[in-house]
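Engineer: Okay, handing you the structure first.
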Amino acid sequence: MLLQTRGVTQRFGGLVAVDDVDFTVEARSVVSLIGPNGAGKSTFFNTVAGFLTPAAGSITFDGEEIAGLPQHKIVKAGIARTFQNIRLFGQMTALENVMVGTYCRTHSGIVRSVLRLPARREEQWVLRRGRELLDLCEVPGGAAERLASHLSYGHQRRLEIARALATEPRLLMLDEPTAGMNPRETADFIEFLRKLRDELELAVVLIEHDMNLVMTVSERITVLDRGRKLAEGSPAEIRSDERVIEAYLGRRHNDA
């Protein structure tokens, strides 16, 4: 078991956004977290990734407790995430954006980098790794030297994943990665996710509203509703769960 949460709760004043959630992710698996808007999905992501400290509960990654650790330590432990709204450095090139992600795996430090003190071997590795990840994420070769803000929307999505992969995660958390994509791009993304799992031996957790993608790529699905876990199981089990149909999927999807 790579990630395990027990009783994770997150409160904002009197609002309970995540309520006593147990959740597990096995190594090299693809798991989806679904639910209506406001169900607490992104808040749960933010809590696991260290952007928020849980009000209660335990979060263990590879057997080590990480609840309450600062974000950079959670990233270094092996968890990376993307966001629903793209958060790239728009005035840096695509390659520079990916290079930023390698920082937690380098040793030269900010001062040595700013002063350009000798770190030639590491610098070469960062450049090489950045280009490898752009290729892996199918960001066009000519885009490496272009400003991130000048890339197409689809390529910006891929670039954000490349930057996350630069941290060398074992668990990749993707928040609505296909938002804004057309059906062809979404179909390509399904194959891309499988490639990440198989070639990099990653576990992937998705927040996603595209039910075709969720049902196609997920090995297990967890459903949140009003902050609580409503259901959990295989795609077939979730598709036929009356509580999920009532709260989220709707009769039309079930009949399909």
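The values are calculated or read from the model by the stated rules, or taken from the named source; none is laboratory data. Keep in mind it's a predicted model, so treat the numbers as computed, not measured. Here Cβ is always computed from backbone atoms with ideal geometry, including for glycine, and neighbour counts include all displayed protein chains.
For every residue, the table says whether it meets (1) closer than 27 Å to THR102 by Cβ; (2) touching a strand residue (DSSP E or B) at 6+ places or on another chain (Cβ under 6 Å); (3) surrounded by fewer than 22 Cβ atoms within 10 Å (Cβ to Cβ); (4) assigned by TED's automatic domain parsing to the domain that holds VAL31.
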| position | (1), (2), (3), (4) |
| --- | --- |
| GLU176 | yes, yes, yes, yes |
| ALA179 | yes, no, yes, yes |
| ASN182 | no, no, yes, yes |
| ARG226 | no, no, yes, yes |
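Engineer: Related question: Got a number for residues in segment 137-174 being surrounded by fewer than 21 Cβ atoms within 10 Å (Cβ to Cβ) and more than 28 Å from LEU3 (Cβ to Cβ)?
Structural biologist: Looking only at that region, the number is 14.
Engineer: Are there any pairs, at least 6 apart or on different chains, whose C-beta atoms fall under 7 Å, with the first in segment 223-235 and under 16 Å from ARG6 (Cβ atoms) and the second among the hydroxyl-bearing types (Ser, Thr, Tyr), and if so, which?
Structural biologist: Pairs that qualify, where the first residue is under 16 Å from ARG6 (Cβ atoms) and the partner is among the hydroxyl-bearing types (Ser, Thr, Tyr), are LYS229/THR222; GLU232/THR222.
Engineer: Right, here's the next one. Specify which of the listed residues (LEU147, LEU133, LEU159, LEU172) is in contact with a Cys (Cβ under 9 Å, 6 or more places away or on another chain) and modelled with pLDDT of 85 or more. Quick ask: steps written out before the conclusion?
Structural biologist: Numbers: LEU147 fails: in contact with a Cys (Cβ under 9 Å, 6 or more places away or on another chain); LEU133 fails: in contact with a Cys (Cβ under 9 Å, 6 or more places away or on another chain); LEU172 fails: in contact with a Cys (Cβ under 9 Å, 6 or more places away or on another chain).
Just one listed residue meets the conditions, LEU159.
Engineer: With the requirement that a residue be of a type outside the set (A, V, I, L, M, F, W, C), touching a residue at least 24 places away in the same chain (Cβ under 8 Å) and out of contact with any helix residue (DSSP H, G or I) (no Cβ under 6 Å at 6 or more places or on another chain), what does segment 67-80 give you?
Structural biologist: Restricting attention to segment 67-80, the residues satisfying the condition of being of a type outside the set (A, V, I, L, M, F, W, C) are 68, 70-73, 76, 78.
Within this subset, residues satisfying the condition of being touching a residue at least 24 places away in the same chain (Cβ under 8 Å) are 72, 76, 78.
Correct list: HIS72, GLY78.
Engineer: Provide a single number: the residues in segment 18-40 that are surrounded by 22 or more Cβ atoms within 10 Å (Cβ to Cβ) and over 23 Å from GLY63 (Cα atoms).
Structural biologist: Selection size over segment 18-40: 4.
Engineer: So is THR178 closer than 18 Å to ARG81 by Cβ and without any contact (Cβ under 8 Å) to a residue 40 or more places away in the chain or not?
Structural biologist: yes
Engineer: May I pose another question? So is LEU52 within 30 Å of PRO235 (Cα to Cα), in the same structural domain as GLU237 (by TED's automatic domain parsing) and assigned to a strand (DSSP E or B) or not?
Structural biologist: Details: within 30 Å of PRO235 (Cα to Cα): yes; in the same structural domain as GLU237 (by TED's automatic domain parsing): yes; assigned to a strand (DSSP E or B): no.
Spelling it out, it is not the case that LEU52 is within 30 Å of PRO235 (Cα to Cα), in the same structural domain as GLU237 (by TED's automatic domain parsing) and assigned to a strand (DSSP E or B).
Engineer: In segment 150-256, which strands (runs of 3 or more DSSP E) lie fully inside it and hold 3 or more residues that are over 30 Å from VAL126 (Cβ atoms)? Give the derivation first.
Structural biologist: Working: elements: 171-175, 203-207, 220-225, 228-233.
Result: 220-225, 228-233.
Engineer: Look through LEU193, LEU200, LEU206 and report the one residue that is within 17 Å of the chain's Cα centre (by Cα) and under 14 Å from ILE34 (Cβ atoms). Explain how you work it out, then say what you get.
Structural biologist: Values: LEU193 fails: under 14 Å from ILE34 (Cβ atoms); LEU200 fails: under 14 Å from ILE34 (Cβ atoms).
LEU206 is the lone residue from the list that is within 17 Å of the chain's Cα centre (by Cα) and under 14 Å from ILE34 (Cβ atoms).
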